[in-house]
Amino acid sequence: MNATHRRNRTTRTVAAAALTALLATGTACSSKAESKSSDEGAGGIKSGPGVTDTTISLGALTDLSGPYATLGKSIVQAQKMWADAVNAKGGICDRKVRIVVKDHGYDVQRAVTSYADISPDVLALSQVIGSPMVAALLDDVERDKMLTFPQAWAASLLGKDSVQVLGTTYDLDMITAVDYLTRTKGLAKGDKIGHVYFEGDYGENALEGSTYAAKKAGLTVVGQKIKATDTDLTAQVSALRKAGVKAVLISAGPAQTASLVGVAASVGLKVPVVSSAPGFAPQLLKTPAAPALVAMLSVVSAAPAVSSDLPGVKAMVASYQKKYPGQSVDSGVLSGYNAAEVMGADLKKACENGDLTRAGLVKAHRSQTKLDNGLGTPQNFSDVSSPASDETYVLHPDMKAVGGLVQVEDAHEAATVAEYLKTRS
């Protein structure tokens, strides 16, 4: 399946049709900003929108009031912590870094409006939460050459020069999940596995991976599509129990994961459950579902556990706990901080090149072929059609661990990932 075909299959088609007027507004604003000629500013550095002689402004389109509000808060605070630390050391390219935050509440229309508001005044987007939001903005982001780091990992977001999925994509993580179940949980040919997944790019991309891996292993996937507003999964658990599944995958949000595992345990469907990374939050370990989560759940993730012994992760956790005492250090903190660190490396590279325009920043980013910031696996950003990494961690809930997860398996490429990637090229 080629990249064009994948993008044409995304759910942004509906959103784009409904939001034509707003997208046109955003395009008018952002195109006007980008059409300005680049100026040579302080230090002989070429600059454009979002860059002055003293400041570099980055945008964050996040969720602070919707289903991923907890995640959004963590990512924003981590990125502001990064910016404060950078500025305390003199900034980047003799300029202070500023992060401009807009809350879209996980609503596509609000995200499009926010982009129109923010785009004339920022150099790049250090975060955009939500595959549907990124999908609706893809054309404008690409036209504006706005380097964008989604806090979303759908393969449909690949193939755009200005958009970078950090780490793996959901399908690769689910291939690892199926591989993990067959290696460690006794699944065998002929068995059925359930997959509960959000409608849209996130869930459907995850389903692509599980379906591929299951077929290779001689398993059958029993799919259960849900909406982000579905928080009681009793019906789905009942259907999976009736189907006789031996394990369950879930690609949804934390509320759905808690409901799935809690209900399954209560009705005797005590089978292994593996969640995509966005489906877990440490706050779940303070709910009545906690014992079942510890007993049944694993998590597949492009990022290591926040409790990892990696020096870079330990230093980040210590800094976050000092800056935000008493607040949970979850995977969003690590994800947001990693994105900020990558953006920082790109800004420094662009500065070295004497070009802090949007196009200059994208060029600097794509020149990074083995960026290792100590927060996980090295990443290669040179191929727009491929994930930055193909290695996935397997994690497990732990009530005593920082971030609520510990590593079960270090990052690795599952056996069928390379073959699968060839089918996508």
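Scanning the range 341-367 for residues that are surrounded by fewer than 22 Cβ atoms within 10 Å (Cβ to Cβ) and more than 18 Å from GLY59 (Cα to Cα) returns LYS349, CYS351, GLU352, ASN353, GLY354, ASP355, LYS363, ARG366, SER367. Against the conditions (1) under 28 Å from TYR180 (Cβ atoms); (2) of a type outside the set (A, V, I, L, M, F, W, C); (3) exposed (fewer than 15 other Cβ atoms within 10 Å of the Cβ), GLY312 satisfies every one except (3). Only one of the numbered conditions (1) small (Gly, Ala, Ser); (2) at pLDDT 95 or above; (3) on the phi > 0 side of the Ramachandran plot is not met by GLY200, and that is (2). Residues in the range 369-412 that are touching a residue at least 24 places away in the same chain (Cβ under 8 Å) and not in a strand (DSSP E or B): 20 in all. Identify, please: which residue in the range 244-259 is among the polar types (S, T, N, Q) and assigned to a helix (DSSP H, G or I) and is, among those, surrounded by the fewest Cβ atoms within 10 Å (Cβ to Cβ)? In this case the residue turns out to be SER259. Listed by first and then second residue, the pairs linking a residue in the range 239-262 that is within 23 Å of ALA188 (Cβ to Cβ) to a residue that is β-branched (Val, Ile, Thr) and part of a loop (DSSP other than H, G, I, E, B), with Cβ atoms under 8 Å apart and 6 or more places separating them unless they lie on different chains, are ARG241/VAL267; VAL245/VAL271; LYS246/VAL271; ALA247/VAL271; VAL248/VAL271.
Assess whether SER386 counts as being buried (at least 19 other Cβ atoms within 10 Å of the Cβ), in the same structural domain as GLY130 (by TED's automatic domain parsing) and not charged (D, E, K, R).
No; evaluated as a whole, the condition is false for this residue.
ALA69 meets each of the listed conditions (1) under 19 Å from ALA152 (Cβ atoms); (2) surrounded by fewer than 22 Cβ atoms within 10 Å (Cβ to Cβ); (3) of a type outside the set (Lys, Arg); (4) touching a helix residue (DSSP H, G or I) at 6+ places or on another chain (Cβ under 9 Å) apart from (4). Restricting the range 72-117 to residues that are charged (D, E, K, R) and not in a helix (DSSP H, G or I) leaves a set whose member that is surrounded by the most Cβ atoms within 10 Å (Cβ to Cβ) is ARG95. Residues of the range 413-425 that are assigned to a loop (DSSP other than H, G, I, E, B) and either touching a helix residue (DSSP H, G or I) at 6+ places or on another chain (Cβ under 6 Å) or among the aliphatic types (A, V, I, L, M) (or both): ALA414, ALA415, THR416.
May I ask you to say which residue of ASP63, ASP94, ASP121, ASP84 is in contact with a Leu (Cβ under 8 Å, 6 or more places away or on another chain), acidic (Asp, Glu), assigned by TED's automatic domain parsing to the domain that holds ALA340 and closer than 20 Å to ALA340 by Cβ? Even if it seems obvious, please write down each step before you answer.
Values: ASP94 fails: in contact with a Leu (Cβ under 8 Å, 6 or more places away or on another chain); ASP121 fails: in contact with a Leu (Cβ under 8 Å, 6 or more places away or on another chain); ASP84 fails: in contact with a Leu (Cβ under 8 Å, 6 or more places away or on another chain).
Checking each option against the conditions leaves just ASP63.
Of the residues that sit in the range 118-145 and are assigned to a loop (DSSP other than H, G, I, E, B) and out of contact with any strand residue (DSSP E or B) (no Cβ under 6 Å at 6 or more places or on another chain), which one is surrounded by the fewest Cβ atoms within 10 Å (Cβ to Cβ)? I'd like the intermediate steps shown before the answer.
As a first pass, look at the range 118-145 and keep what is assigned to a loop (DSSP other than H, G, I, E, B): 122-123, 130, 144-145.
Cutting the leftovers down to out of contact with any strand residue (DSSP E or B) (no Cβ under 6 Å at 6 or more places or on another chain) gives us 130, 144-145.
Working: GLY130: 29, ASP144: 26, LYS145: 20.
Looking at the filtered set, the residue picked out is LYS145.
Cβ-Cβ contacts under 9 Å between residues 6 or more apart (or on different chains), taken from a first residue in the range 75-86 that is among the polar types (S, T, N, Q) to a second residue that is assigned to a helix (DSSP H, G or I) and surrounded by fewer than 22 Cβ atoms within 10 Å (Cβ to Cβ), are listed as GLN77/LYS323.
The values are calculated or read from the model by the stated rules, or taken from the named source; none is laboratory data. Remember, it's a predicted structure, so these values are computed and weren't measured experimentally. As a convention, Cβ positions derive from the backbone with ideal geometry for all residues, glycine included, and neighbour counts pool all protein chains shown.
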